[in-house]
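Remarks on the structure that follows.
Just so it is clear, none of the values below were taken in a lab; they were calculated from the coordinates. In this text, all values refer to a predicted model and were calculated from it rather than measured experimentally. In this analysis, Cβ positions are derived from the backbone assuming ideal geometry, glycine residues included, and neighbour counts consider all displayed protein chains.
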Amino acid sequence: RLIVWHPDRMHRQPAELEEFIAVVDDAGAEIATVQAGTLDLSTPSGRMVARIVGATAAYESEHKAERIRSKMTEIAMAGRWKGGVRPFGWQADGVTEIPGEVVLLREAKDRVLAGESLRAISIDFERRGIVGSRGRPMSPTGIRKLLSSPRMAGLYARKDGTVVGRAVWAPIFSDDEWTRLRAILTDPSRNSRARRTPRKYLLTGGLLRCSLCGS
């Protein structure tokens, strides 16, 4: 037996429903729904009901997705925050700044522009007990994404990074600072330096002594 809340919870794509009907028919399985009672897919009328409900569910799903896309476009054009986990530096509304975290963002920005590595900043922040908005230590990768985010310059960007325009929140970095910062953080040579073979040192300075000459 299969127990579901409503027939539209089984499938939302007509093509999947047809395959499902064949499987249920071969297995002789019974289907019970909480909201619509027993659904008998072994009869023509039962299959018709399932197809009608499935087509309606597919329409509602597509229509809902269209409304969401439209709303997201409206939010993007207005430069408003679309919600989610609060960004480091701002409160849950995504607009009101948290002064203490803003200071840390500007500190990290200045240290990167001065030539310091993200790893050094990450280690220092962890030593000082500084954590991200999820309550976890800030990794070098996390700091890179944070500092290079268009949000820092008061810009609104889509998921793919495309900047749509100005946002409703105030920038933390100036446009010039953000541009310089992104140039540094996206420099391919930074990754090649991180992957190069570690430098080797000889154990000199009295740690090793020659058995022949004593030097």
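Between amide H atoms placed 1.01 Å from N, distances below 5 Å from Ala157 occur with Val164, all of them 5 or more places distant or on a separate chain. Taking θ as phi - 60° and the Karplus parameters 6.51, -1.76 and 1.60, the scalar couplings of the stretch 3-8 work out to 10, 10, 5, 8, x, 6 Hz in sequence order, x denoting glycine and proline. Counting only other residues whose beta carbon sits under 13 Å from that of Gly28, what net charge do I get with K and R as +1, D and E as -1? Once positives and negatives cancel, what remains is -3.
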